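Enquirer: Supplied in structure tokens, the structure appears directly below.
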Amino acid sequence: PQTVYLNDYQAPEYLVDRTELTFDLDPQSTLVKSHLKIRRNPVAADSGGRSLPPLWLDGVDLELLSIAEDGELLPAQRYQEEPGGLSLTVTKPEFELEIQTRIAPESNTSLEGLYLSNGMYCTQCEAEGFRKITFYPDRPDVMSVFTTTIVAPAKYPVLLSNGNKVDSGTTDDGRLRVTWEDPFAKPSYLFALVAGDLQYVEDSFTTSTGRAVTLQLFTEARNIGKCEHAMVSLKHAMRWDEVVYGREYDLDIFMIVAVDHFNMGAMENKGLNIFNSACVLASPETATDAAFQRIESIVAHEYFHNWSGNRVTCRDWFQLSLKEGFTVFRDAEFSADMNSRAVKRIEDVTLLRTAQFAEDAGPMSHPVRPDSYMEISNFYTLTIYEKGAEIVRMIHTILGADAFRRGSDLYFQRHDGCAVTCEDFVVAMEDANGADLKQFRRWYSQAGTPIIEVEDEYDAERAQYSLTLRQRTPATPGQEEKLPLHIPVAIGLLGADGKALVLDKFGSTDTVLHLTEESQTFTFQDIDERPLPSLLRGFSAPVKLRYGYTGEQLQFLMQHDADAFNRWDACQRLALNTLSSLQGQYRAGETLDTPSALIDGFSVLLQNSELDPALVAKMLALPSAQELAEQGDEIDAAAIVAARDFARQSIAVALKPLFLARYQALDQRKPYRPTADDIARRGLKNTCLAYLCMTQDQDALALARTQFERDENMTDVSAALAAMVEYGPKDAAEQTLESFYRQWQQDTQVVETWFGLQSSSAGFGTLDRVRELMAHPAFEMKNPNKVRAVVGGFAMRNFNQFHHEDGSGYEFLADQVIALDKLNPQIASRLVTPLTRWKKYRKHEAGQIHSALKRISDSGELSADLYEMVSKSLA
Ligand code: HT7
Ligand code: ZN
């Protein structure tokens, strides 16, 4: 595969003003006719008066049937089929092309382009899937107005595409025909088509200017009862975007379709969002609280793209974070407004620290605006999405909320209908406010996680307190030298009584330090006692911050910090320090010390009924094995598992009466509602249940069984089932799993939960069990959700079994990746991730993982997706 470079970007030679498509649907022989109105791009490089440059049309896996220019069939010498597309000789600056191609949706297992999911036609065109539908300049800076006609047999009564429906009827031979027109010019990656025997729920939304928008959510008949939550979430998101960003919806109709086979979560196609069923369908009986919250945030995310992505789109794929980082920031703020702000932040930061920091320290590390790629699908990463969102959040912190809104207003107004760059976004923020973000821009181009070391000094005589901050960013592949970044560090100072100290003459008790140099000292006056600093409040920048807190100081912050995020963070730091000492003791063959500081801290937390239960649940959760792996210089999987198990057991045994009391108080038998309060209550209750069951005491396991048998909602049922599977007797777990499956076998989403629960179980999810699950009739290698649940659950969420000392987990994953690459390269490429960080493991495991990777590399011709991941990891 070839590497594409940002520096090679050139404006398109030709533009497409109109695109008219006709689809004649058939599983093995779909005919696609396209009629394109093309003209020379006035801003393209001047061809110096010489003849016009050729027109390049991307095309992959297409059978070209015919091609005509202005009504005349083109002679063979005017065009040439090449790998990846078609090159056409151009004779005039404006012309119309008619191209006919044939495709086979049924054979398309890559789930890019047009494919079938449970007999329903659907498309996925981002990033480069449209070229699997027809020959086209498949790049985001070619924006066109689309009209789409779909012809299909009567067994597909629902025929959908982007925009508004303008015509429908029946063909002479009795097939159905529908035409859709999208008045907004868009790039091909936002094109969508759906055809199937679907049902829908309908609602309506009145926009801020009084326009009525029809909202429709389509699904297979069996799932029609699972649409309400997504519909409510959509209406909340539409209103929120009007209030917070002044953005109104623009078409008369907004449609969502749920499909079972989908490579990612959802897709923001103009007016016709397509969703992975797992990210849109929910009912109390079948979906957990986490699923309800995930749906709310993904529905909002895709809706928000209508402005941040669709109306203003990306010039090229190097600018992907322009739409994704900004939209993740928007959906995070939406979720924070709808639920607990602190808990949402904790969840996002946990993901960032666990997985994005790991990505940024590994072979695939890349800047938020990458300089190059081989396969763009590999760059839908945590760095582009989550770190990209952190960059937007930092701009918000640096400028303030009002100035940020002025900047976003200018950005949307200035670039509406255009394909633009990350630079355009920053310039709009600057221009709207007279701000200078010159140094800040480095966040877009510099990869790696910065480390900030903090030292402090107190001068009692002068009543002065100073903080010295030093920043450095470790080298990343291809970027040896790093420059200082502009890092906003939000802080506060606590007095001995836990109260916030005043930091300036205005009476502020918190402030943002602007770290712009390698080393900088910030001094505070009139500080009458030695304070305890609360640093990087709300995780104001995506960095690793180091300050030598003692255990007592962390316990103090856990109780007194005014910043809820930092109370949690103090607890995390305490847990990380404890777990790191336990790992050291394990490696040295010593007896492990009882984690007394954690037990004391947790005891206080459990007895404080004033605190938000959702926050308490987060504080009681020890850092995951994956997060611990990210901490040290070398990963010792056995030590991590041993330290974590020991700490959890010790806490469970020491605090059993408190866990029980809290469990009983929270176990209120109310009808299910996915409200923030109820989710918080269930979250803490089930955290207590898990700790109780860790003791493996009969009475605790009986509580889990009772909760399971009450069968009140999937949150409680699956938490109880997980506890029984992890800590109960194996025979009983087998029986319970079997009865659960029998009850839910018709429900795809619940079966996915059932798969994931087993494959990710530290005790139960052995490799043998995972192989059994793959042989189960409900498992489908062609369904990414099932693969993610079983193979992903094992390789990404089952640290214990995946890192079995004999290396069998790594070999198994290599086998699955090789097999999947033939079916679905995007999924194969994502699944290989756990093997890519082999250099960070101890020598023994590193050797095993390296040989598994090498075997993939030597297994024959790899897709571009997998090749890029494997070759960069082995380099
Ligand atoms: N913008 C969407 C990205 C996406 C995607 C990318 C590659 C392959 C398949 C895909 N499905 C969806 C989703 C989003 O970020 O909103
Ligand atoms: Zn997105």
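We did not get these values from a lab; they are worked out from the coordinates using the rules stated. Because the structure is a prediction, the values reported are computed rather than measured. Cβ coordinates were reconstructed from backbone atoms using ideal geometry, including for glycine residues, and neighbour counts include every protein chain displayed.
Enquirer: Using the 2.2 N^0.38 Å rule of thumb for compact globular proteins, work out how the chain stacks up: its C-alpha Rg over that value, please.
Expert: Details: Rg = 28.0 Å, N = 875, 2.2 N^0.38 = 28.9 Å.
Normalised Cα radius of gyration, the chain: 0.97.
Enquirer: Between 304, 194, 491, whose Cα lies farthest towards the positive end of the dipole of the chain when Lys and Arg beta carbons carry +1 and Asp and Glu beta carbons carry -1, centred on the Cα centre?
Expert: Checking the options against the dipole of the chain, the answer is 491.
Enquirer: Counting only pairs 8 or more residues apart or on different chains, how many lysine pairs in region 87-189 have their Cα atoms under 27 Å apart?
Expert: Numbers: 92/186; 132/155; 132/165; 132/186; 155/165; 165/186.
Lysine pairs satisfying the spacing and distance rule in region 87-189 number 6.
Enquirer: Ranked by Cβ crowding within 10 angstrom, fewest neighbours first, how are 697, 182 ordered?
Expert: Working: 697 15, 182 24.
So the residues, fewest neighbours to most, are 697, 182.
Enquirer: Net charge near residue 118: determine it from the other residues with C-beta under 9 Å of the C-beta of residue 118, scoring Lys and Arg +1 and Asp and Glu -1. Don't skip to the answer; put the middle values down first.
Expert: On the way: positive: none; negative: 220, 260.
Cβ neighbours under 9 Å give a net charge of -2.
Enquirer: Could I ask something else about it? Once phi is turned into θ = phi - 60°, what whole-Hz ³J(HN,Hα) does the Karplus curve with 6.51, -1.76 and 1.60 give for every residue of region 609-621, x standing for Gly and Pro?
Expert: Each residue's phi maps through the Karplus curve to give 8, 7, 5, 4, x, 5, 5, 4, 4, 5, 5, 6, 7 Hz.
Enquirer: Please say if region 662-744 is rounded, prolate or oblate, where rounded means a/c under 1.5 for a ≥ b ≥ c the square roots of the C-alpha gyration tensor eigenvalues, and otherwise the choice is prolate for a/b larger than b/c and oblate otherwise?
Expert: Working: a/c = 2.33, a/b = 1.33, b/c = 1.75.
The shape class here is oblate.
Enquirer: Here's something else I'd like to know. Which value, in debye to the nearest 20, gives the size of the charge dipole of region 698-814 about its Cα centre, when Lys and Arg are +1 and Asp and Glu are -1 at the Cβ? Before the final figure, lay out each step's value.
Expert: Details: 10 positive and 17 negative charges, 63 e Å.
So the magnitude is around 300 debye.
Enquirer: Also: Which residues among region 123-140 fall inside the zone where the amide N is under 17 Å from a point 7 Å beyond the Cα of residue 171, along Cα→Cβ?
Expert: Zone members listed by number: none at all.
Enquirer: With +1 on the Cβ of every Lys and Arg and -1 on the Cβ of every Asp and Glu, and nothing else charged, how large is the dipole of region 1-156 about its Cα centre, in debye rounded to the nearest 20? If you can, show how the numbers build up before the last one.
Expert: Details: 13 positive and 24 negative charges, 36 e Å.
In debye, rounded to 20, region 1-156 gives about 180.
Enquirer: For 303, 200, what ranking results if the residue with the fewest other Cβ atoms within 10 Å of its Cβ goes first? Working shown, then result.
Expert: On the way: 303 28, 200 16.
Listing 303, 200 from fewest to most nearby Cβ atoms yields 200, 303.
Enquirer: What percent do you get for the relative contact order of region 92-242 when only Cα pairs under 8 Å and 6+ apart count?
Expert: Numbers: 256 pairs, mean separation 28.5, N = 151.
Result for region 92-242 is 19 percent.
Enquirer: With unit charges on the beta carbons (Lys and Arg positive, Asp and Glu negative) and the dipole taken about the Cα centre of the chain, which residue among 519, 110, 384 sits farthest to the positive side?
Expert: 519
Enquirer: Kindly provide the helix-only [θ] at 222 nm of the chain, computed as the sum of -39,500 (n - 2.57) over DSSP H runs of four or more divided by all residues, to the nearest 500 deg cm²/dmol?
Expert: Working: 30 runs with 349 residues, N = 875.
Theoretical 222 nm ellipticity from helices: -12500 deg cm²/dmol.
Enquirer: Taking the Cα centre as origin and putting +1 on Lys and Arg beta-carbons and -1 on Asp and Glu beta-carbons, what dipole magnitude results for the chain, to the nearest 20 debye?
Expert: On the way: 86 positive and 125 negative charges, 112 e Å.
Value, rounded to 20: 540 debye.
Enquirer: Would you mind counting up the charge near residue 146? Only other residues with Cβ under 14 Å from its Cβ, with Lys and Arg at +1 and Asp and Glu at -1. Mind dumping the intermediate values first?
Expert: Numbers: positive: 18, 33, 37, 165, 186, 270; negative: 17, 20, 138, 181, 182.
Net charge around residue 146: +1.
Enquirer: Figure the gain on full extension for residue 665 and residue 472 (residue separation times 0.36 nm, minus the Cα-Cα span) and round it to one decimal in nm.
Expert: Details: separation 193, 0.36 × 193 = 69.48 nm, distance 4.78 nm.
Full extension of this stretch gives 64.7 nm more.
Enquirer: Ranking 224, 256 by Cβ neighbours within 10 Å, fewest first, what do you get? Write down the numbers at each step before the final one.
Expert: Numbers: 224 15, 256 24.
Going from sparsest to densest Cβ surroundings: 224, 256.
Enquirer: Ok, one more. Angle between the Cα long axis of helix 388-399 and the longest principal axis of the chain, 0 to 90 degrees, nearest 10?
Expert: Between the helix axis and the principal axis of the chain, the angle is about 70 degrees.
Enquirer: Taking region 321-543, how many lysine pairs are there with alpha carbons less than 22 Å apart, if each pair must be eight or more places apart or span two chains?
Expert: Values: 323/344; 323/387; 323/438; 344/387; 387/438; 387/482; 438/482.
Number of lysine pairs found: 7.
Enquirer: Sticking with this structure for a sec: Once you list every other residue whose beta carbon is under 11 Å from the beta carbon of residue 428, what net charge do they have if Lys and Arg are +1 and Asp and Glu are -1?
Expert: Numbers: positive: 406, 414; negative: 409, 423, 424, 430, 431.
Around residue 428, the surrounding residues sum to -3.
Enquirer: Please work out the Cα convex hull volume for region 209-312 and give it in Å³ per residue. Write out the running numbers ahead of the final one.
Expert: Details: hull volume 10.4 nm³, N = 104.
It comes to 100 Å³ per residue, whole-number rounded.
Enquirer: Pairs of alpha-carbon atoms within less than 8 angstrom and 6+ residues apart define the contacts here; what relative contact order does the chain have, in percent? Could the numbers behind the result be given before it?
Expert: Working: 1678 pairs, mean separation 72.3, N = 875.
Across the chain, relative contact order equals 8 percent.
Enquirer: Could you go through region 534-541 in sequence order and give the Karplus-derived ³J(HN,Hα) for each residue, using 6.51 cos²θ - 1.76 cosθ + 1.60 with θ = phi - 60°, rounded to whole Hz, and x for Gly and Pro?
Expert: 9, 10, 6, 4, x, 6, 6, 8
Enquirer: Counting other Cβ atoms within 10 Å, keep those with at most 11, restrict to DSSP loop, and tell me which GluC sites (Glu not before Pro) in region 767-875 are left. Let's see the in-between values first.
Expert: Numbers: sites: 772, 780, 805, 811, 845, 861, 868; in loops: 780, 805, 861.
Passing both the DSSP loop test and the Cβ count: 805, 861.
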